[in-house]
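Participant: The following block contains the structure, expressed as structure tokens.
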Amino acid sequence: MAEKPEKKEKTPRQPMPEQEPKARARNFEEVPYGYGPEAAVKEAERCLQCKNPACVDGCPVAVDIPGFINLIKQGEFARSISKIWEKNSLPAVCGRVCPQEMQCEGRCIIGKKGEPVAIGNLERFAADFARKSGECELPTLAQPTGKRVAVVGSGPAGLTVAGDLILKGHQVTIYEAFHKPGGVLVYGIPEFRLPKEIVFSEVAALENMGVKLELNQVIGRTITVEELFAEGFDAVFLGVGAGLPRFLNVPGENLIGIYSANEYLTRSNLMKAYRFPEYDTPIIKGRKVITLGAGNVAMDAARTALRLGAESSSIVYRRSREEVPARAAEVHHAEEEGVQFHFLTAPVKFLGNEKGRLTGMVGLKMALGEPDDSGRRRPVEIKGSEFEMECDLAIIAVGANANPLLTRSTEGLQLNKWGYIVADEATGKTSRKAVWAGGDIVTGSATVILAMGAGRKAADSIHDYLVRGW
Amino acid sequence: MFKIVRREEMSGGTVVLNEIEAPLIARKAKPGQFVIIKANETGERVPLTMADTDPVKGTITLIYMVVGKSTALFKTLKVGEGYQDIIGPLGKPTHLENVGTAVCVGGGTGIAVLHPITRGLKQAGNKVISIIGARSKNILILEDQMRAVSDELHVCTDDGSYGHHGFVTEVLKTVLDKNKVGLVVGIGPVPMMKFVSKITKDYGVKTLVSLNPIMIDGTGMCGGCRVTVGGKTQFACVDGPEFDGHLVDFDELTLRLQAYCEDEKECYNNFCTLKA
């Protein structure tokens, strides 16, 4: 195709087929359907196959993007997924939840003048094709080294470390506190954005390569890090996530009908409360629902509320639209589905009835003042602007703090003033010999792919240690 | 699977004991700690404080009252069958020290949780006075076991069918009048713990209560188990489950325990219809 570059520029970016907003706002089926082979090949043909691809620099795990796209273009779908697996053990996940507009697609050359190549959609296509057809070759493992690595937490950071190190010939055991693997991919991200079957199949692929998975094990309680070493592990990676929900500390916050986003999403996603009473875990459904916060988690919560039958689902955010931290696509999907946005509004207190159930929230209007430490304009209260909003369900999605359960029970781990683990940015090494950390327990709440990037760096460093020393 | 190796019915079948193989948990667990159990794929995660552990056999013992769908489902499990998931030990262990004289007050299935703590206090060298109660004699549990680890044991029944006719709180007052007490541990239904704490506050005696709010993960992640203690929000799963009874907002806890009443009824009725 290289002889006809002018033709490529003319092909428009293949649109992603999606469920109708009205219909999908009431079901838990995945929103985009994914490309078929024809659209995938057409989209792959748009790639210029740059000699020095900027997209790869934009990828935290450095997937050979032109390489796998070229294989799709040739119809070599099974080989294209093998190409991705060389660098990324969770392609079906990343194709769905990565903020591509800020990473690979944000750097794409043809994106300068038109729309970038839909790298995320293509990655998803390759992964889904492999999963559905079963036509793919597992990457070959290096010679066994005899070294053993314990990975604590089976979220995106831990799965990446496990995938990388098993390929390099080490024995890997993942410890997960929940009864299902996947961490935030399973308890946090809703089915309509990331079907759980996909996460489990990516984990199963790791198990097929030899990774051992131990569920229901809370490291720090069931087993300590000391005991892992005593059992013969040579290195330990801590990827336990942030995991302690932040509340607002306003009056009325313990009324029935107020959830942390963690609890709301865990009930719905991990425990399948949206299928109650077929599944035993209940969930407060809410007629008028307010979600506090405007990150990706807040969008997931507000959209879940609609699917659970809410008449109205509103995002309340104390800053303006400009500062919304969620991915553009998530905000767009939420708006399409009917989520209402109340910007420059802060919660003052919650109101309840005699049964301790939530009936409303008092909000306060804000104005934007001078920029604060984060560089964003600080919201300032407008005196006397209090007003009442009726609601019977409120979801607090304003981030998380560091969970001290593991860090308190592990000696020699240096923590920062917020309780997060101090780890070297380039290697993930902690202050304790043979212990690495990465993901939200180091950075605070961030994205799936950043946790995977941290996992990749830690895996390289662990490998280096196992063959050469600390 | 976590296999049940021993099963007993108590209180005329309304309370069930399961001794379960869980060697990793048995090795680590201390009095006052809890586990989360889930029977099967569609089950919910239920927190239960352990009634006993045997590190040598590698087993833990749970005693629960049948109150809804999940516990009714647990009750159907026979010896040799088991639970799909058990996670623990969770929560902070009871701080066991010699305070001179300790009083252990238990009501209903709370006695099951109180028993290992009572034993621990006895082993720590305390004079232990125990007061246990139930609605009626035929539903009282663990009397012999409590007697074996106490210097004095008082039994109360609401209907007067056995022991003192009345509430544990009445006997508690007499005990506090007669003895110099260093610590009271009260475990049972929320109203019982509330009134025990009220009395001991008047006497100025430090009091521990063990709370069992609704929770999902048990590791601090969901925040569903939040309780107000001394005006501050605490998570029962990681900050507790034991708290200073004089500081707990029991009224808020009572309301929060009712959060899913209607759903639970629906779920339980469905289960009973299916079984019938």
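The values are calculated or read from the model by the stated rules, or taken from the named source; none is laboratory data. If you're wondering where the values come from, they're calculated on a predicted model, not measured in any experiment. Every residue, glycine among them, receives a Cβ derived from its backbone with ideal geometry; neighbour counts consider all protein chains shown. The area values use the complete protein model at the heavy-atom level, side chains included, leaving out ligands, DNA and RNA. Shrake-Rupley method; radii C 1.70, N 1.55, O 1.52, S 1.80 Å.
Participant: Round to the nearest 0.05 the FRET efficiency obtained for A:GLN143 and B:ASP202 when R0 = 56 Å and r is the Cβ-Cβ distance.
Facilitator: 0.15
Participant: Under Stokes-Einstein, with the Kirkwood radius over Cα pairs standing in for Rh, what whole-number D in µm²/s applies to the stretch A:244-400 at 20 °C and 1.002 mPa s?
Facilitator: Rounded to a whole number, D works out at 135 µm²/s.
Participant: Hey, got a sec? Which trypsin sites (Lys or Arg not before Pro) in the stretch B:153-225 land in a DSSP loop and have at most 13 other Cβ atoms within 10 Å?
Facilitator: Loop-located and lightly packed - B:LYS180.
Participant: Continuing with the same structure: Classify the stretch A:80-126 as rounded, prolate or oblate from the Cα gyration tensor: take a ≥ b ≥ c as the square roots of its eigenvalues, call it rounded if a/c is under 1.5, otherwise prolate when a/b beats b/c and oblate if not.
Facilitator: prolate
Participant: I would also like to ask the following. Using modelled amide H (1.01 Å from N, peptide plane; none on Pro or chain starts), what sits under 5 Å from the amide H of B:LEU142, excluding residues fewer than 5 places away?
Facilitator: Amide H neighbours of B:LEU142: none.
Participant: Counting only protein chains, not ligands or nucleic acids, how are B:VAL66, B:VAL56, B:VAL155 ordered by accessible area (probe 1.4 Å), most first?
Facilitator: B:VAL56, B:VAL66, B:VAL155
Participant: Still on this structure, please answer the following. Using a Förster distance of 35 angstrom, determine the FRET efficiency expected from the C-beta separation of B:LYS178 and A:ARG408, and round it to 0.05.
Facilitator: 0.25
Participant: In addition: For peptide A:213-223, compute the average count of partner chain beta-carbon atoms within 10 Å of each residue's beta-carbon.
Facilitator: Partner-chain Cβ atoms within 10 Å, mean over residues of A:213-223: 5.
Participant: Divide the volume of the convex hull of the Cα atoms of chain B by its number of residues and quote the answer in cubic angstrom per residue.
Facilitator: Taking the convex hull of the Cα positions in chain B, it is 126 Å³ per residue.
Participant: What Rg and what Dmax come out for the stretch A:55-109 when only alpha-carbon atoms are used, in angstroms?
Facilitator: For the stretch A:55-109, the Cα radius of gyration and maximum Cα-Cα distance read 10.7, 28 Å.
Participant: If you take every DSSP beta bridge fully contained in the stretch A:244-400, what fraction is antiparallel? Give it as a percent rounded to 5.
Facilitator: 50 percent
Participant: Check the straight Cα-Cα distances from A:LYS429 and name the lysines below 30 Å, setting aside those fewer than 8 residues away within the same chain.
Facilitator: A:LYS83, A:LYS87, A:LYS147, A:LYS168, A:LYS180, A:LYS212, A:LYS417, A:LYS457, B:LYS28, B:LYS92
Participant: Only bridges whose two residues both fall in chain B count here: according to DSSP, what percent of them are antiparallel, nearest 5?
Facilitator: 60 percent
Participant: Considering the Cα trace of the protein assembly as shown, what is its radius of gyration and what is Dmax, both in angstroms?
Facilitator: Over the protein assembly as shown's Cα set, Rg and Dmax evaluate to 27.9, 100 Å.
Participant: Cut-off under 17 Å on the C-alpha distance; same-chain residues fewer than 8 positions from B:LYS69 excluded. Which lysines are left, in chain and number order?
Facilitator: A:LYS272, B:LYS38, B:LYS78, B:LYS265, B:LYS275
Participant: Could you please report the charge total around B:VAL67, scoring K, R as +1 and D, E as -1 over all other residues with beta-carbon less than 12 angstrom from its beta-carbon?
Facilitator: Net charge around B:VAL67: +2.
Participant: Nearest-5 percent of antiparallel DSSP beta bridges in the protein assembly as shown?
Facilitator: Looking only at bridges with both residues in the protein assembly as shown, the antiparallel portion is about 50 percent.
Participant: Next up: Would you work out if the stretch A:21-133 is rounded, prolate or oblate? Take a ≥ b ≥ c from the square roots of the eigenvalues of the alpha-carbon gyration tensor; rounded if a/c is under 1.5, else prolate when a/b is larger than b/c, oblate otherwise.
Facilitator: prolate
Participant: Just to be sure I understand the interface: list residues from the stretch B:10-27 that lose 40 Å² or more of accessible area between the chain on its own and the complete protein assembly, 1.4 Å probe.
Facilitator: Output list: B:LEU24.
Participant: Of the accessible area of the stretch A:21-133, with the probe set at 1.4 angstrom, what percent is carbon plus sulfur?
Facilitator: 50 percent
Participant: Describe numerically, in nm with one decimal, the distance between label points set 7 Å from Cα along Cα→Cβ at A:ASN416 and at A:LYS349.
Facilitator: 3.6 nm
Participant: Chains B and A: how much accessible area gets covered up at their contact, both sides added, probe 1.4 Å, in Å² to the nearest hundred?
Facilitator: The contact between A and B buries close to 3700 Å².
Participant: Calculate the spin-label point distance for A:ASN27 paired with A:ALA54, positioning each point 7 Å from the Cα along the beta-carbon direction, and give it in nanometres.
Facilitator: For the pair A:ALA54/A:ASN27, the computed spacing is 4.0 nm.
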